[in-house]
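Data first, discussion second: the structure below is written as structure tokens.
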Amino acid sequence: MSSTEHSTSTTPTPAPADRTEFAGRTALVTGGASGIGLALARRLAAGGAAVVVADYDEENARKAAAELERTGARAAAVAMDVTDPASVEAGVRFAVDTFGALHLAVNNAGIAGPSSPTGEYPVEDWNRVVATNLSGVFHSMRYELPAIVAAGGGAIVNMSSILGTNGFAGSPAYVAAKHGVVGLTKTAALEYAAQNVRINAVGPGFIDTPLLRNADPQAREHLISLHPAGRLGTAEEVAELAAFLLSDRASFIHGSYHLVDGGYSAP
Ligand code: NDP
């Protein structure tokens, strides 16, 4: 066995999904055309769900849905801007009209925003990041919840971050929004548990997706060094946790925040 095979940076491949796990369920994934959202769309489709890929980037959403259909899954794409409540309402209606009901949702669309100290942070970037990463999750649940309740219940996962409980210098808007997602998740979970809807949040460490595309090699090495696992996470590793939380195997898990962070938050 080579030394690389012992390395902490080895990335395991998640086990194949059980094709019946989400059979008969419809799932909506916001930001589903890229990164973690795309991995989730693939994971839910592999588990038998009909998947609606909702994304700002309509062309990539269509490509993602077409890819899922080629695997034999039922899938559709819808253009959605989570900062716009009317767009979210239309996207949820599209999911219900297309597949008959909505049972599962992953509110994952998000942006990083620039890096700048709070006293210099551009106000327009603050508004854009909060509108996408926090208001976007509210808008999504605002229209998903009535649909899921009408379907008899289901589950929602909201994409927070390790920065949902930790600070990070230079990212005030992102950190505030991701903390907000955790509080919003807990509140909605309290409100809807009795109606058979489980709502949880996931807190990934730094994950190797296009969101980190602007990080220069030095910044990337620094990010890696923050994870005891010795590497960035993969979108598939986040998708595996979120899929578990959406599944009936997580039937007693309500209103909590779950890390998948290579040990980032352990110290
Ligand atoms: P990506 O940039 O790969 O994917 C995000 C997707 O969301 C893109 O397709 C993007 O479209 C879309 N999107 C952006 N704004 C909107 C909007 N207003 N309405 C609808 N869709 C939108 O990012 P990741 O997969 O890395 O991130 C997914 C989620 O995970 C985010 O919420 C992020 O904050 C969170 N996260 C990511 C971490 C990481 O290290 N990567 C760590 C912790 C959490 P477009 O490309 O056109 O902008």
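Laid out as a table, the results:
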quantity: Hits in the stretch 232-252 - residues which are among the small types (Gly, Ala, Ser) and outside any helix (DSSP H, G or I); calculated: Gly233, Ser247, Ser251
quantity: Test: residue in the stretch 193-201 that is within 15 Å of the ligand (Cβ to nearest atom) and open to solvent by less than 40 Å² (accessible area, probe 1.4 Å); calculated: yes
quantity: Unmet criterion (only one of (1) open to solvent by 30 Å² or more (accessible area, probe 1.4 Å); (2) within 13 Å of the ligand (Cβ to nearest atom); (3) of a type in the set (S, T, N, Q)) for Thr20; calculated: (2)
quantity: Selection within the stretch 224-263 - more than 17 Å from Val157 (Cβ to Cβ) and in contact with a Gly (Cβ under 9 Å, 6 or more places away or on another chain); calculated: Ile224, Leu226, His227, Pro228, Ala229, Gly230, Arg231, Leu232, Gly262, Gly263
quantity: Sole exception among (1) assigned to a helix (DSSP H, G or I); (2) touching an Asp or Glu at 6+ places or on another chain (Cβ under 9 Å); (3) not acidic (Asp, Glu) for Ala229, by number; calculated: (1)
quantity: Lone unmet requirement of (1) among the polar types (S, T, N, Q); (2) touching a Leu at 6+ places or on another chain (Cβ under 8 Å); (3) more than 20 Å from Met159 (Cβ to Cβ) for Thr71; calculated: (2)
quantity: Pair list, Cβ < 6 Å and 6+ apart or interchain, from the stretch 66-93 residues that are within 13 Å of Tyr143 (Cα to Cα) and of a type in the set (D, E, K, R) to residues that are within 16 Å of the ligand (Cβ to nearest atom) and open to solvent by 20 Å² or more (accessible area, probe 1.4 Å); calculated: Glu89/Tyr143
quantity: Within the stretch 155-170, considering residues that are within 21 Å of the chain's Cα centre (by Cα) and open to solvent by 20 Å² or more (accessible area, probe 1.4 Å), the one nearest to Gly203 (Cα to Cα); calculated: Thr165
quantity: The stretch 162-217: number of residues that are part of a loop (DSSP other than H, G, I, E, B), under 22 Å from Pro122 (Cα atoms) and at pLDDT 95 or above; calculated: 6
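The values are calculated or read from the model by the stated rules, or taken from the named source; none is laboratory data. Bear in mind the structure is a predicted one, so any value in this text is a computation, not a measurement. Cβ sites come from the backbone with ideal geometry, for glycine too, and all protein chains shown count toward neighbours. For the accessible areas, the whole protein counts, side chains as well, though only heavy atoms, and no ligand, DNA or RNA atoms are used. Shrake-Rupley method; radii C 1.70, N 1.55, O 1.52, S 1.80 Å.
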